[in-house]
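Read through the structure below, which is laid out as structure tokens, and then see the notes.
The values are calculated or read from the model by the stated rules, or taken from the named source; none is laboratory data. As the structure is a prediction and not an experimental result, all values here were calculated from the model. Backbone-built Cβ (ideal geometry, glycine too); neighbour counts: all protein chains shown. For the accessible areas, the whole protein counts, side chains as well, though only heavy atoms, and no ligand, DNA or RNA atoms are used. Shrake-Rupley method; radii C 1.70, N 1.55, O 1.52, S 1.80 Å.
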Amino acid sequence: MKHVFICGNPALDLACTLRARRTARFETLDTPDRLDAWYLESGITDSVSPCAETDLAQAVAVREAVYVLVTNRLAGDPYDSEALALVNETARTPSATPQLTVTGRWVEATPAQALSSVARHAIELLSGPDVPLMKECADPECTKIFVDRSRGGRREWCGMESCGNKRKAAAYRARKKSHAAATR
């Protein structure tokens, strides 16, 4: 299973690796090698030292802290002090440094450096100009938060392939059922 990157920011994409938080929670970072894959697929790094269980536990803790901070921001609430401290502490670790090679850009990282890069993305997002563009998916079962860069800022769903099509199909069936009931 490949990870999904539709949120518009690596920190939000990490926060959304726990899906359906309010209903049938689904963990996508369930093993250290899944975290390795996430770092590579996200583009945070081109090569990462193999993650251990402790790295996975730290990444999940930071993921949850990012989610708490983002939902605090969306609700207009003050930041949770523990979540804020964890993200800031993680960002203090030196992040992965890109290198120029004969074939182009290359980034090698340890798990701590890769996670630091994600924490820095969270800080930039939550303190930058994209804050007003953050939205939660309109599907009540989905808990993905994304940056809406759509024309007119009218994006409702995290992705049309998943939540958008599901909601549109449900609305169509409801209209059809209502119309059939009205013509009886």
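Okay, here's what the table says:
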{"read-out": "Potential extension, S150-T103 segment - 0.36 nm per residue separation minus Cα distance", "value": "13.6 nm"}
{"read-out": "Measure of compaction for region 85-126 (Cα Rg per 2.2 N^0.38 Å)", "value": "1.28"}
{"read-out": "Amide H contacts under 5 Å for G8, placed H, 5+ residues apart", "value": "V147"}
{"read-out": "The chain - mean residue ellipticity at 222 nm from DSSP helices (-39,500 (n - 2.57) per run, n ≥ 4, rounded to 500)", "value": "-15000 deg cm²/dmol"}
{"read-out": "Percent carbon-and-sulfur accessible area, the chain, ignoring ligands, DNA and RNA, probe 1.4 Å", "value": "55"}
{"read-out": "Antiparallel content of DSSP bridges confined to region 13-140, in %, to 5", "value": "80"}
{"read-out": "Residue-by-residue Karplus 3J(HN,Hα) for region 61-69, coefficients 6.51, -1.76, 1.60, Hz, glycine and proline x", "value": "4, 5, 4, 5, 5, 4, 4, 4, 5"}
{"read-out": "Sequence of D55, D33, D80 from largest to smallest accessible area, 1.4 Å probe", "value": "D33, D80, D55"}
{"read-out": "Selection from W106, T31, V68 lying farthest towards where the dipole of the chain points positive, charges on Cβ", "value": "V68"}
{"read-out": "Relative contact order of the chain, defined on C-alpha pairs under 8 angstrom at six or more residues apart (%)", "value": "23"}
{"read-out": "Alpha-carbon centroid distance for the pair region 39-92 / region 123-146, whole angstrom", "value": "15"}
{"read-out": "Positive minus negative residues near P50 (Lys, Arg vs Asp, Glu; Cβ under 13 Å)", "value": "-4"}
{"read-out": "Ellipsoid semi-axes in whole angstrom, largest first, where each is sqrt(5λ) of the Cα gyration tensor of region 51-96", "value": "22, 12, 8"}
{"read-out": "At 1.567 mPa s and 4 °C, Stokes D of the chain from Kirkwood alpha-carbon radius, µm² per second", "value": "73"}
{"read-out": "For T110, net neighbour charge (Lys/Arg +1, Asp/Glu -1) across residues whose Cβ lies under 12 Å away", "value": "-3"}
{"read-out": "Test item: Cα-centred dipole of the chain, Lys/Arg +1 and Asp/Glu -1 on Cβ, debye", "value": "1600"}
{"read-out": "Estimated vicinal HN-Hα couplings, Hz - region 118-126 in sequence order (Karplus 6.51, -1.76, 1.60; Gly, Pro = x)", "value": "5, 4, 5, 4, 4, 5, 4, 5, 6"}
{"read-out": "Per residue value of the accessible surface for region 1-86 (all protein chains in place, 1.4 Å probe), Å²", "value": "47"}
